[in-house]
1. So the label point goes 7 Å from the Cα of T292 along Cα→C-beta, right? Which residues of the range 351-380 then have their backbone N under 20 Å from it?
2. Roughly how many nanometres apart are two label points built 7 Å out from the Cα toward the Cβ at D99 and T175?
3. Please enumerate, by chain and number, the aspartates and glutamates with C-alpha under 18 Å from the C-alpha of K104, excluding those fewer than 8 residues away in the same chain.
4. Please enumerate, by chain and number, the aspartates and glutamates with C-alpha under 19 Å from the C-alpha of K315, excluding those fewer than 8 residues away in the same chain.
5. Determine the dipole magnitude for the range 73-173: charges of +1 sit on the beta-carbon of Lys and Arg, -1 on that of Asp and Glu, nothing else is charged, the reference point is the Cα centre, and the result goes in debye to the nearest 20.
6. Under a 5 Å amide H to amide H cut-off, with H placed in plane at 1.01 Å, what residues pair with M162 once short-range neighbours are removed?
7. Using a Förster distance of 41 angstrom, determine the FRET efficiency expected from the C-beta separation of T285 and S256, and round it to 0.05.
8. Past 28 Å, Cα to Cα, is the threshold; run K194/K465; K117/K179; K141/K192 against it and keep the listed order.
Amino acid sequence: MPKRITSSSKSIFVSLAVIAAIGAFAAFGLPDISLGGSLVSLVLLVLCAGLGFAVLRLRSRNALLTAALDNMPQGLCMFDASARLVLCNASFIAMYRLDAGSVKPGMSLREVLDLRKRAGTFSGDPEKFVTDRLAVIAQGKTTSASSDMEDGRIIAAADHLMTGGGWVDTFEDITARRKAALAAGASQDQQKRKAIIEDIINGFRRETEELLNRTTESADQMRQMAGSLLESSGVTTDRVQSAARMSRDASMNVQSVAAAAEQMSISIGEINRRLARTNEIVRDTASDAQGTNTQISNLSQVSTKITEIIEVIHKIAEQTNLLALNATIEAARAGEAGKGFAVVASEVKSLALQTAKATEEIGNQINEVQASTNVVVTAMTGVTGRMQEINDDTASVAESVSQQNTATSEISRNVGTVAEASQAISDTLEDVTRVADTMQSSARTVLDASEAVTTHATQLRNAVKEFLDKVAA
């Protein structure tokens, strides 16, 4: 910064002005000044003295301006159109904690920012700041902003364009004003907050009272419902226990029926096997009877043939008897010569009679055998028919028993399924009984809890009222 000139140095400045005038005369080779000199020389001397006084006055005013700038509470910097520092005051140097000997006229804006960055009062990018500032200045715009310093101060900065180029920056520490404004705003905010809190307390009081009333009503309803549920659960428990006992009895009965059906199925299976065996025996017997009937029929046919042969033999015997009779007659005619022949003829006749008698007896026996055979054939035919009927009936019975066995097995399976289902129902009813007992216990717990909720709601209402009264006070 340039040195400042005060008003107390006027006498020194006058002397300097005279010396400067004399020096000017000497430098320009003007005529020697003396009491007897010319009027022109005197005029020149006066003019030089006046010029010295003008310089002294200008420097005095410059000193006064410098003092005024240094005594400003705001910081001030002036930059020319080339963004070089023209002047700055002491407030700017102190505000940004700069070294007064380092800040000199002619420095660029970038160099000033570098000094601030080393002093810790600028944290941005100096190059970007310069570029943005020059762009704004080139557009003929002004800027104003506030920045928070690291030490807690708040600096407000504004720039003002100058005619002919360049600008002036002003800086002001608005920390106290900002704090006062914040304090005033805080006081107003506190009053508003207090009013809002009172409204919230009143609203909370109303909502809490309403909520507690609803809670009490709900607790009363819950207590009534719990009482009804407790009573209903008791009845349900009794009924379920009775149903469980009946289900257990039914399950035992069904299990007995299932066991009986299983036993009956086994018995019918045994009967079915025996009927199948009987059916085989009857079928075999019918087959044997059929064979016997065939043999007896064959025997009857043989008897018929024997009868026919006996008839032939009987005819032969009759003819032999007739021939023996003729031989006897011829032997009697022959006399003594035919006695031997007569004896033979008599023997032949006797044999023929015996043969005829034997064949007649055989024929009678054969006839009786044939008659018996016919009776046996008729009987065996009837037996064979009855055996066939028995075989058919046995087969039908065996089929019916087989179907009955199938039905009984199905019944046994169904009864077994019913027994399992009955057992499952019994188990389920026992579970339901346990659930009913639990529900009854839960209903009793709910009843106790509802009564506790009512008591706690009353206590909470009193506590909230006391708290809100204290907060409102």
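Bear in mind that the values in this text are calculations on the coordinates, not laboratory data. All values reported here derive from a predicted model rather than from experimental measurement. Cβ: placed from backbone, ideal geometry, glycine included. Neighbour counts: every protein chain shown.
1. 369-380
2. 2.4 nm
3. D70, D80, D114, D169
4. E347, E360, E361
5. I would put it at about 220 debye.
6. W167, V168
7. 0.45
8. K141/K192
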